[in-house]
Amino acid sequence: MDMSQASTRQSGVGWTWRALVAVLGGYALASAWAVLWGAWDATRVDSILAGEQTGWLVYVAAMIWAFSPVALARVVGVFAAATLGLLLAAVWLAQRGG
């Protein structure tokens, strides 16, 4: 195997990990976003629907950012921190009564 084949194989692995992080991390982030909107005013269907509909924008933005030239570890860390932050905010809002 020459050097060009090795770098092609290595970059293929990188794209696979980025795709996995984009799909799963983006989904987790968008889901946490929707949960936050639902916790904001759980009695109104409008807020839940708004969270679901704007969650697609969050998902697309997360997927685009996952394929940016930023280090993959940073992408994973930001996705995890943002998802955890959104979920903690949702719990806080739910305990507070929306």
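The values are calculated or read from the model by the stated rules, or taken from the named source; none is laboratory data. Keep in mind it's a predicted model, so treat the numbers as computed, not measured. Positions of Cβ are generated from backbone atoms using ideal geometry, with glycine treated the same way; all protein chains shown enter the neighbour counts. Areas reflect the complete protein model, heavy atoms only, side chains present, ligands, DNA and RNA absent. Shrake-Rupley method; radii C 1.70, N 1.55, O 1.52, S 1.80 Å.
Structure notes:
- Taking the protein heavy atoms of the chain in the context of the full set of protein chains, the accessible area attributed to carbon and sulfur is 72 percent at 1.4 Å.
- Chain lengthening between Val13 and Ser68 when straightened (0.36 nm per residue, less Cα-Cα): 18.2 nm
- Between Ala50 and Gln95, the simple label model (points 7 Å from Cα in the Cβ direction) yields a spacing of 2.4 nm.
- Rounded, prolate or oblate (a/c below 1.5 giving rounded, otherwise prolate when a/b exceeds b/c) for the range 24-74 by Cα gyration tensor: prolate
- Per residue, the chain exposes an accessible area of 67 Å² to a 1.4 Å probe, with every protein chain left in place.
- Largest to smallest principal axis extent of the C-alpha atoms in the chain, angstrom: 62, 21, 15
- Trypsin sites (Lys or Arg not before Pro) restricted to the range 9-98 and DSSP loop, no more than 12 other C-beta within 10 Å: Arg44
- Stretchable slack from Leu57 to Leu20, in nm (0.36 nm times residue separation minus alpha-carbon distance): 11.5 nm
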